[in-house]
Amino acid sequence: MPRFFVEQVEGNSPVVTGTDAAHIVRSLRMRAGETLTLCDRNGEDYLCEITVVSPEKVALRVLEHSPCRNEPSCKVTLFQALPKGDKMEWIVQKAVELGVYEIVPMQSARCVSRPDSKAAARKVERWQKIAEEAAKQCERGVIPRVEELIPFEEAVRRAGNQQKRILFYEGGGEDVGALIDAEVKSAAVFIGPEGGFEEEEVEAVLAAGGSAATLGPRILRAETAPLAALSVLMFATGNMK
């Protein structure tokens with residue numbers, strides 16, 4: 001069923017305008033009486049029937065609404081050290097598909113890519129668009145936010161309000177199943193760049209109450225590690241059923 005994100009759904013007669021209305025009318029060729037789903041970006045789905053169609057707007061009638069069943073029970077924030085090239089685009093897209101709640105790019109000691117503030121802002125804007133498209137494609141109930149690029153030290157501080165803080169370390173660590181389960185409702189995940197984390201960075205996360213975890217004996221690429229970590233976390237918290 002076609003699905004569209006809107007800022008909010010007010011009353012029982014919402015109206016879709018702009019590019020979404022054009023897509024409904026011209027691309028999907030939908031007509032009065034057909035149904036679609038609106039999502040308010042806060043995890044609520046609204047099943048709607050089309051009542052009036054025009055090139056500029058599509059009027060709807062809400063039939064029912066309910067929480068989106070596609071949102072994980074654990075809100076995972078991915079603190080991703082900036083990789084080289086366009087690898088971050090792949091990471092953002094796949095992380096959203098896997099259920100990440102928020103993505104925070106960070107600059108760690110071994111990052112090769114070091115864009116200035118203007119270039120970083122342009123990248124974040126691009127990544128946010130990718131996140132929105134991925135959220136639509138996989139029928140998420142929210143559009144995960146991609147935050148501005150921050151230093152590693154700030155990332156450690158920002159992760160302090162998460163129930164669990166896990167740094168995936170190529171140097172070894174605990175089994176993920178021993179650190180997180182279905183009772184955990186929020187988690188921060190730290191993933192390093194191509195050269196991995198420096199020992200001082202690992203120690204900083206541990207000193208802040210976090211844990212080091214392993215993804216096995218094989219060394220994963222910078223763009224593979226976050227997807228493996230998110231997959232394991234979603235399974236451990238019961239969100240891969």
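List of remarks:
- Filtered by the rule that a residue be in contact (Cβ under 8 Å) with a residue 60 or more places away in the chain and either surrounded by fewer than 17 Cβ atoms within 10 Å (Cβ to Cβ) or of a type in the set (Val, Ile, Thr) (or both), the range 142-152 gives Val142, Ile143.
- Within the range 43-57, considering residues that are surrounded by 12 or more Cβ atoms within 10 Å (Cβ to Cβ) and not charged (D, E, K, R), the one nearest to Arg140 (Cα to Cα): Gly43
- Number of positions in the range 18-41 that are closer than 19 Å to Glu7 by Cβ and surrounded by 11 or more Cβ atoms within 10 Å (Cβ to Cβ): 11
- A residue that is part of a helix (DSSP H, G or I), out of contact with any Pro (no Cβ under 8 Å at 6 or more places or on another chain), in contact (Cβ under 8 Å) with a residue 60 or more places away in the chain and not basic (Lys, Arg) occurs somewhere in the range 132-141.
- The residues on offer are Val62, Val58, Val76, Val112, and the sole one that is touching a residue at least 12 places away in the same chain (Cβ under 8 Å), under 26 Å from Gly210 (Cα atoms) and either touching a strand residue (DSSP E or B) at 6+ places or on another chain (Cβ under 6 Å) or among the polar types (S, T, N, Q) (or both) is Val76.
- Matching residues, the range 4-17, being surrounded by fewer than 16 Cβ atoms within 10 Å (Cβ to Cβ) and either part of a loop (DSSP other than H, G, I, E, B) or within 22 Å of the chain's Cα centre (by Cα) (or both): Glu7, Gln8, Glu10, Gly11, Asn12, Ser13
- Meets criteria (free of Cβ contacts under 8 Å to residues at least 12 places away in the same chain and either of a type in the set (A, V, I, L, M) or buried (at least 16 other Cβ atoms within 10 Å of the Cβ) (or both)) for Ala178: yes
- Where strands (runs of 3 or more DSSP E) fall wholly inside the range 20-130, the ranges with 2 or more residues that are touching a helix residue (DSSP H, G or I) at 6+ places or on another chain (Cβ under 8 Å) and modelled with pLDDT of 95 or more are 75-81, 102-107.
- Selection status of Lys75, of a type in the set (Lys, Arg), in contact with an Asp or Glu (Cβ under 8 Å, 6 or more places away or on another chain), within 27 Å of Ala121 (Cβ to Cβ) and buried (at least 18 other Cβ atoms within 10 Å of the Cβ): yes
The values are calculated or read from the model by the stated rules, or taken from the named source; none is laboratory data. It should be emphasised that the depicted structure is a prediction, and the values quoted were computed from it without experimental measurement. When we count neighbours, we look across all protein chains shown, and the Cβ atoms used for this are built from the backbone with ideal geometry, even at glycine.
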